[in-house]
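Participant: Before I ask anything, let me first share the structure, which is written out below as structure tokens.
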Amino acid sequence: MKITVASGSLQPFTTDQWAMHQQDTIRKRRKRVATIHVADPQGARVVGASVSVQQTAKDFPIGSAIASTILGNQAYQQWFVDRFNAAVFEDELKWYSTEPMSGQLRFDVPDQMLAFVRSHRVMVRGHNIFWENQDATPRWVKNLTADDLRAAVNTRIQSLMTRYRGEFAHWDVNNEMLHYNFYEQRLGPNASAEFFSVAQDADPLATLFMNEYNVIETCDDPFSTVDTYVSKLKDLRSAGAILEGIGLEGHFSKPNIPLMRAILDKLATLGLPIWFTEIDISNKFDAQTQAAYLEQVLREAYSHPAVSGVMLWTALHPSGCYQMCLTDWNLSNLPTGDVVDRLLNEWRTLQAAGQTDAHGAYSFTGYLGEYVLTVSYNNRTTQSTFSLSPGDETRHINVQM
């Protein structure tokens, strides 16, 4: 195919124009119009009924990494569940944590963390089964022969995923394959595809992800360009891997928002859910700059229609966080925490209320998620629940008084 372009030009967007585009996408993809119809038992319209709707759960997952430091810390736990509906364990599921010595399995900590998120109806990602980085590989694994290594990795998958079958919505199967190759170098180029196949058999309901850094953060890393990512994903699927999710870590320095949009647009053509799995901003910046850059990244991620969820890499420790914290150890907000709180508040329906019109109807626009509906008329009150799920059409809810 030959494409000829005549009189091409580039027109810059102003910041306000970019923000308008984001808001338009949010209105179309993250919100929906709903109409409440109120009638009496004979089907006659009820005019002037008081209608109130309140969002009780969000559809879009926004979460954070947590660590064992959350166990037994009631204040931290409450702070977390007041904000987030998704979680990922920072280190506690990684091989060096669950089997520091051969055959010495330790699942007590992740078991307790899982009980915490489960008790608060928080979805959780599994991170990770393997990590291609040799420095993140258990010491006892590094010197195994190829046959012993193959047996060890099969035992690792089976022990981990049999124990937690059905518990984790996602699994990062083989972390950072574009930058490292510990397993593929020793077990052959199809090792990663085999990991995905075994993981799929062990937990067929989990969505299996690639997870990589510097795909979305920069265009200066030759190992992880968007084309390299797509090529690796297609190679894995051609080799039989059931790979259903695109994981972008999101360890940003100064974000390049137009680049971010272009890469998301390209990855979206694959038709797979895209998750930001480890968002933070480098601590080389001061607190206010970190916060400003974080807001840019979160707004762009949330407003892209192909993005299905966002995770912050902000597990809290007494000594701080990996690169970026939202609070200090006493849970007092830092500037980044103020940004997150403000956006979480912006991206939810606080409450909508009014009266039914001459047609016995009340309409509102709300963020996708779960709602409680209360209707009152002539000293009678009825309450019900409903969901706003993705869709272009108006959602109609019928209530009988």
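The values are calculated or read from the model by the stated rules, or taken from the named source; none is laboratory data. Bear in mind that the values here come from a model prediction, so they are computed numbers and not experimental data. In this analysis, Cβ positions are derived from the backbone assuming ideal geometry, glycine residues included, and neighbour counts consider all displayed protein chains. All accessible areas refer to the heavy atoms of the entire protein, side chains included, with ligands and DNA or RNA removed. Shrake-Rupley method; radii C 1.70, N 1.55, O 1.52, S 1.80 Å.
Participant: Sketch the reach of a paramagnetic label on GLN54 as a point 7 Å from Cα along Cα-to-Cβ, and name the residues of the range 359-384 whose backbone nitrogen lies under 13 Å away.
Facilitator: Those under the cut-off are 371-375, 383-384.
Participant: Which ³J(HN,Hα) values in Hz, rounded to whole numbers, follow from the phi angles of the range 374-391 under the Karplus curve 6.51 cos²θ - 1.76 cosθ + 1.60, where θ = phi - 60° and Gly and Pro get x?
Facilitator: In residue order, the calculated couplings are 10, 10, 10, 6, 6, 6, 10, 9, 10, 9, 8, 10, 7, 10, 9, 9, x, x Hz.
Participant: Continuing with this model, one more query. Can you list, by residue number, the Cys in the chain that have no neighbouring cysteine C-beta under 4.7 Å?
Facilitator: Here CYS219 come out as lacking a disulfide-compatible partner, given the Cβ-Cβ threshold of under 4.7 Å.
Participant: Work through the residues other than LYS31 whose Cβ is under 14 Å from its Cβ and net out their charges, Lys, Arg +1 and Asp, Glu -1.
Facilitator: Local charge sum for LYS31: +3.
Participant: Next question. Probe of 1.4 angstrom, ligands and nucleic acids ignored: what's the accessible area per residue over the range 1-137, in square angstrom? Mind dumping the intermediate values first?
Facilitator: Values: 7360 Å² over 137 residues.
Averaged over the residues of the range 1-137, the accessible area is 54 Å².
Participant: Also, I was wondering about something else. Dipole magnitude of the chain about its Cα centre, charges +1 at Lys/Arg Cβ and -1 at Asp/Glu Cβ only, in debye to the nearest 20?
Facilitator: Values: 34 positive and 44 negative charges, 204 e Å.
So the magnitude is around 980 debye.
Participant: While we're on this one: Using alpha carbon centroids, what distance separates the range 357-392 and the range 73-145, in Å?
Facilitator: Cα centres, the range 357-392 to the range 73-145: 40 Å.
Participant: OK, next. Which whole number in µm²/s is D for the chain by Stokes-Einstein, with the Kirkwood Rh taken over Cα pairs at 37 °C and 0.692 mPa s? Could the numbers behind the result be given before it?
Facilitator: Numbers: Rh = 23.3 Å.
Diffusion coefficient, whole number: 141 µm²/s.
Participant: While we're on this one: Using only alpha carbon pairs under 8 Å that are at least six residues apart, calculate the relative contact order of the range 60-336 and give it in whole percent.
Facilitator: Values: 503 pairs, mean separation 48.1, N = 277.
Relative contact order of the range 60-336: 17 percent.
Participant: Search the structure for amide H atoms under 5 Å from the amide H of LEU312, placed 1.01 Å from N in the peptide plane, and list their residues when 5 or more places away or on another chain.
Facilitator: GLY63, SER64, ALA65, ILE279
Participant: Roughly how tilted is helix 191-202, in degrees to the nearest 10 and between 0 and 90, from the longest Cα axis of the chain?
Facilitator: It is inclined by approximately 50 degrees.
Participant: Next question. Which order do the peptides 240-249, 292-301, 135-144, 93-102 take when ranked by the mean count of other beta-carbon atoms within 10 Å per residue, highest first?
Facilitator: Working: 240-249: 22.2, 292-301: 20.6, 135-144: 14.3, 93-102: 17.4.
Those peptides, ordered most packed to least, come out 240-249, 292-301, 93-102, 135-144.
Participant: To continue, here is another question. Taking the chain, how many lysine pairs are there with alpha carbons less than 28 Å apart, if each pair must be eight or more places apart or span two chains?
Facilitator: 18
Participant: Here is a further query. Per-residue HN-Hα couplings for the range 346-357, Karplus 6.51 cos²θ - 1.76 cosθ + 1.60 at θ = phi - 60°, whole Hz, x for Gly and Pro?
Facilitator: Running phi through 6.51 cos²θ - 1.76 cosθ + 1.60 with θ = phi - 60° gives 5, 9, 8, 8, 5, 6, 10, 8, x, 10, 5, 8 Hz.
Participant: Provide the per residue accessible area, probe 1.4 Å, for the range 268-394, rounded to a whole number of square angstrom.
Facilitator: Details: 5690 Å² over 127 residues.
Ligands and nucleic acids excluded, the result is 45 Å² per residue.
Participant: Can you order the peptides 263-276, 118-131, 20-33, 381-394 by their average number of other Cβ atoms within 10 Å per residue, highest first? Show your work: numbers first, answer last.
Facilitator: On the way: 263-276: 17.8, 118-131: 19.7, 20-33: 15.4, 381-394: 12.4.
Going from most to least packed, we get 118-131, 263-276, 20-33, 381-394.
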